[in-house]
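Below is one structure, written out as C-alpha cells, with a few remarks after it.
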Amino acid sequence: MSEKFARNVLLATLTAASLTVGWPGSATAAAPPLSHPHITQHFALAGGQMPENIVREPNGSLDLSFSAARQIAQVTRGGAIRVLATLPAPADGGVHTPALGFPLVTGLVRADDGTLYFLYATGTSDLTGVWRLAPGGTPERIAALPADGLPNGLALDGRRLYVTDSVRGVIWRVPVGGGAATVWASGDELASNGFIGANGLKVHNGAVWASNLDKGTVVRFPLRRNGAAGPAEIVADQLPGIDDFAFTGHGDRILAALNPTNEVALVEPDGTHTIVLSARDGLQNPTALAVHGDTVYVTSAAYLTQQDPNLLTARIRPHC
C-alpha cells in the first residue's frame, strides 16, 4: 500500500472518529449474545486486501470486496483466496474520489443465479457506478452514477438495486438489468455532517434500511405498494461511526459494525444497543457483517489501525 493511500485512509477515518466524540456509550451485556469469536482469515494489508463488504455463497465460500485493491475476491471454506475480478484503475489514479481521494470497491450483493453486483467509486464518470459479474464472466458496468458522489451500500430486492450515496445523501434505485439510476429517497436522515452520510443498506421486512456513519443512526424507509419510499423513521441512534449492518434473523434485531471504535453492536428493535464484539476479539475497523444461521461473519478493513485486515466469525446465541 502506498504511503499516500494510507495517509488518506487515516485522515478520513480520523475524521469519522472525531465526528462521534462525546456520544454516550451503551451498557455491557450480562450474557453476551455472541460466543466463540475468533479470527478465521488474515488479509494482506500491503496488497490492499481491505474487506469492505461480504456475502456468503451457498457452498460456504465468502465473496468479498477488497476496497483498496479494487477487487472482488472469494475465500473458500479451506481458506484459499481467489480473485474473481480486478477493476480498471481510473486514469487520474482516483485522486478525485469524493471524501476519500482513492478509488475503491464498496457494496456487494449476490443474486440467486450467482451473479454478483457491486459498486465502484472513482471520482470519474467513466467508471463510477454499479457493476455486474456473472459466474465465470468479466466485470461490466451496468449503471453509471455521478462522479461527484460516493456509492457505498448496495441492496437487492427482486428486480431492483438500491444504492446509498454517502456524499450526496441519497438512495439511488437501479434496474437489476442495468439502466438509468433514479433518486429513490433523500433527506436530512441520509445527509452527512461533512464526511460520510448514508452508508450500509438492506431491504428487510417490507422496508429499506440505511445507516448514517456521521450521525450514528439507522433509518427505515417503508416500501410502499407502488415501490416509492415511505416517510423516513430513525429506528436507532447513538451508534458512532456505524458502517454496514446485518439482521440476525427474520426479526428486526441488527448487528452493526462501528468502524472507528472497533466494535460490533447488537441493536434491539426498540433502538437500544449493546456492544457484543470489540478490539479484544480482534476487530480492526469493522466494515460489514453477514449472517447465516447461527454464524456471523465480520470483516475488518484496518483502515485506521493499519495492522491486520481480517475476517472474524462468531456464534449467535439462540435468544438473539
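Every read-out reported here was derived from the displayed coordinates using simple, explicitly stated rules and does not represent laboratory data. Nothing here was measured: the structure is a model prediction, and the numbers come from that model. Counting neighbours? That spans all protein chains shown, and the Cβs are built from the backbone with ideal geometry, glycine included.
The mean sequence separation of alpha-carbon pairs under 8 Å and at least six residues apart, normalised by the residue count of segment 225-320, gives a relative contact order of 20 percent. Using a cutoff of 8 angstrom between alpha carbon atoms and counting only pairs six or more residues apart, the relative contact order for segment 162-208 works out to 38 percent. Each Lys or Arg adds one and each Asp or Glu takes one away; over the other residues whose Cβ falls under 11 Å from the Cβ of V298, this sums to -4.
Classify the chain as rounded, prolate or oblate, taking a ≥ b ≥ c as the square roots of the eigenvalues of its Cα gyration tensor: rounded when a/c is under 1.5, otherwise prolate if a/b is larger than b/c and oblate if not. Here the chain falls in the rounded category. In a DSSP loop and with at most 13 other Cβ atoms within 10 Å, the trypsin sites (Lys or Arg not before Pro) in segment 147-180 are R159.
Could you please state, rounded to a whole Å, how far the C-alpha centre of segment 35-80 is from the C-alpha centre of segment 236-260? Answer, in whole Å: 20.
Got a sec? Which residues in segment 146-174 would a label at D126 touch, if it sits 7 Å along Cα→Cβ and we count backbone N under 17 Å? Flagged as within label range: 146-148. For T86 and D188, a Förster radius of 45 Å and the Cβ-Cβ distance give a FRET efficiency of 0.75, rounded to the nearest 0.05.
Antiparallel beta bridges, as assigned by DSSP with both residues in the chain, represent about 100 percent of the total such bridges. Dividing the summed helix terms, -39500 (n - 2.57) for each DSSP H run of n ≥ 4, by the number of residues in the chain produces a 222 nm estimate of -1500 deg cm²/dmol to the nearest 500. Across the chain, the relative contact order, built from alpha-carbon pairs under 8 Å that are at least six residues apart, equals 17 percent.
Taking label points 7 Å from Cα along the Cα-to-Cβ direction, H42 and A228 give a separation of 5.4 nm. Under a 5 Å amide H cut-off, with hydrogens placed 1.01 Å from N, N262 pairs with N285 among residues at least 5 apart or on other chains. Here the scattering of segment 49-189 is modelled by Debye summation over its C-alpha atoms, one equal scatterer each and no solvent; at q = 0.09, 0.15, 0.18, 0.19 Å⁻¹ the log10 of I(q)/I(0) is -0.24, -0.68, -0.97, -1.08.
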